[in-house]
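Colleague: Got a structure here, written out as structure tokens. Questions coming.
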Amino acid sequence: MMDLTPLDVRKKKEDLRRTMRGYDPAQVDAFLDLVADRLEAVIQEEVRLKEQVTLLRERLTGFEERERALNEALIAAQELREEARLQSEKQAGLKLQEADQQAEKLVGDARRATEDSERMLADLHARRASFLRGMRSLLERFLQDVAYEETRLAGSPDRAAGAPDPEESAGSDSSDSDLSEAGAEGE
């Protein structure tokens, strides 16, 4: 197909032969001028549209690049959000684990302290019982000594019958050793 320009149409007027029975030359010339003007307008419109298409393609490319950049930024933001969520879950897990360990340690320390206190309390009860036995033994010996002394002071012959000799009871009685044990444990 041959490109037709408005100039080609205008020159064609001179190339056409004139004949007797043809079209009215004035009308043909007017029509050719009209065709040339229209063709020129169409060509100018085509040029303008091509420029506009080029401009729109450039803008479209820019928009596509922006869209791609926005998509990449959105994906990166989503990845960062997911990464931050996973990191915070991991940190929360570590904090919980650390808190559980501290709680177990505190419970263990409290149990050990309770066991130590119970042992100390049992030891104190045992010492108290030992002290009370020693005190009872000492008091019984003192009572025997007091009874003996009362009997002796009264000059009673019942000495052989009931009250033991304090010197004899001192040798055979273990109250002194109980008392000394109670005294040592009380310290």
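Colleague: Check the straight Cα-Cα distances from LYS12 and name the lysines below 30 Å, setting aside those fewer than 8 residues away within the same chain.
Modeller: Excluding near neighbours in sequence, the set is LYS50.
Colleague: Next question, about the same structure. Residues in region 27-54 near a label at GLU64, defined as backbone nitrogen under 19 Å from the 7 Å Cα→Cβ point?
Modeller: The answer is 50-54.
Colleague: Please give the contour-minus-distance gain from LEU138 to ALA154: 0.36 nm per residue of separation, less the Cα-Cα distance, rounded to one decimal in nm.
Modeller: 3.4 nm
Colleague: Measure out, as a whole number of angstrom, how far apart the alpha-carbon centroids of region 110-126 and region 138-153 sit.
Modeller: Comparing the Cα centres of region 110-126 and region 138-153, I get a distance of 40 Å.
Colleague: Any idea how far apart ALA147 and LYS105 come out in nm if each label point goes 7 Å out from Cα toward Cβ?
Modeller: 6.4
Colleague: Please list, or write none, the lysines whose alpha carbon is within less than 22 Å of the alpha carbon of LYS105, excluding same-chain residues fewer than 8 places away.
Modeller: List returned: LYS95.
Every number here is computed from the coordinates shown, using simple stated rules; none is lab data. All values derive from a computational prediction rather than experimental measurement. FYI the Cβ positions are ideal-geometry reconstructions off the backbone, even for glycines, and counts take in every protein chain you see.
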